[in-house]
Amino acid sequence: MCGFEITGKGLGLRQVRPQDADALLAVYGDPAATEHMPFDPWTRGQVERMIAQALDAAAEHPRQIHLMSVIELDTGQVIGVARIRIEADHPHSAEIGLGLRPDHWGRGQGSDLVRLVLHYGFRMLGLHRMWGARAPANTAAQLAMLTAGMVEEGRIRHHVRARGAWRDSIVHSALDDEWEGHRALGR
């Protein structure tokens, strides 16, 4: 677990580690970073439990959860998190989830991160379909996914309950045989 799973333009992904808790709390514990997520900001204890569960899941076969820390290659800092959840009944399909620290927003790293996660899922995990859902108001996620080559599929009405109200989700997806993003990574 010491090396990267994959690297791209300025970012790397590696298996999450217990010592990443503070860095991941900067995403999951930040009100701005969780504004469009279907939960309130987390505590350090919740982040530590998530990491422990992810490490347990890494030992399962077949592995369904890949929780990775996003590393800025220039600084070596953990600046975000990426999750791939492989569907149990459809092992060639997976949901993705991403988060970057707010101080890294607006740098184009979101699109790079989406490309990197898709490349990892398609090329290293052998997935065929990857999808992600976003809040309708999260236009930054929309731009990142579209720029990375995902297609907007549609709206799931009242998909999640967030902050005391029902919220729709907009689904984006990419298919291995249609996605051209691997070329952007120089692969």
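So which residues in region 76-115 are surrounded by 17 or more Cβ atoms within 10 Å (Cβ to Cβ), charged (D, E, K, R) and farther than 22 Å from Leu175 by Cα? Listed by number, the list holds a single entry, Arg101.
So if I check each of Trp131, Trp179, which one is touching a helix residue (DSSP H, G or I) at 6+ places or on another chain (Cβ under 8 Å) and either under 19 Å from Pro38 (Cα atoms) or crowded, with 16+ Cβ neighbours inside 10 Å (or both)? Full working, then the answer.
Numbers: Trp131 fails: touching a helix residue (DSSP H, G or I) at 6+ places or on another chain (Cβ under 8 Å).
Result: Trp179 is the single residue among Trp131, Trp179 that is touching a helix residue (DSSP H, G or I) at 6+ places or on another chain (Cβ under 8 Å) and either under 19 Å from Pro38 (Cα atoms) or crowded, with 16+ Cβ neighbours inside 10 Å (or both).
Looking at region 14-24, is at least one residue at pLDDT below 95 and either within 30 Å of His158 (Cα to Cα) or in a loop (DSSP other than H, G, I, E, B) (or both)? Within region 14-24, not a single residue is at pLDDT below 95 and either within 30 Å of His158 (Cα to Cα) or in a loop (DSSP other than H, G, I, E, B) (or both). With the condition kept exactly as written, say whether any residue in region 27-39 is out of contact with any His (no Cβ under 6 Å at 6 or more places or on another chain), farther than 22 Å from Ala141 by Cα, surrounded by fewer than 18 Cβ atoms within 10 Å (Cβ to Cβ) and among the hydrophobic types (A, V, I, L, M, F, W, C). No, every residue in region 27-39 fails to be out of contact with any His (no Cβ under 6 Å at 6 or more places or on another chain), farther than 22 Å from Ala141 by Cα, surrounded by fewer than 18 Cβ atoms within 10 Å (Cβ to Cβ) and among the hydrophobic types (A, V, I, L, M, F, W, C). As for region 47-54, it holds at least one residue that is in contact with a Lys or Arg (Cβ under 9 Å, 6 or more places away or on another chain), touching a residue at least 24 places away in the same chain (Cβ under 8 Å) and part of a helix (DSSP H, G or I).
Given Ala144, Ala137, Ala88, Ala174, which one is in contact (Cβ under 8 Å) with a residue 12 or more places away in the chain and within 22 Å of Met50 (Cα to Cα)?
Numbers: Ala144 fails: within 22 Å of Met50 (Cα to Cα); Ala137 fails: within 22 Å of Met50 (Cα to Cα); Ala174 fails: within 22 Å of Met50 (Cα to Cα).
Result: Ala88 is the single residue among Ala144, Ala137, Ala88, Ala174 that is in contact (Cβ under 8 Å) with a residue 12 or more places away in the chain and within 22 Å of Met50 (Cα to Cα).
The set of residues in region 40-75 being surrounded by 18 or more Cβ atoms within 10 Å (Cβ to Cβ), in contact with a helix residue (DSSP H, G or I) (Cβ under 8 Å, 6 or more places away or on another chain) and among the β-branched types (Val, Ile, Thr) consists of Val47, Ile51, Val70. Could you tell me whether Leu118 is within 10 Å of the chain's Cα centre (by Cα) and within 13 Å of Ala174 (Cα to Cα)? In short, yes.
The values are calculated or read from the model by the stated rules, or taken from the named source; none is laboratory data. Please read all numbers here as calculations on a predicted model, not as lab measurements. We place every Cβ from the backbone using ideal geometry, glycine too, and count neighbours over all the protein chains shown.
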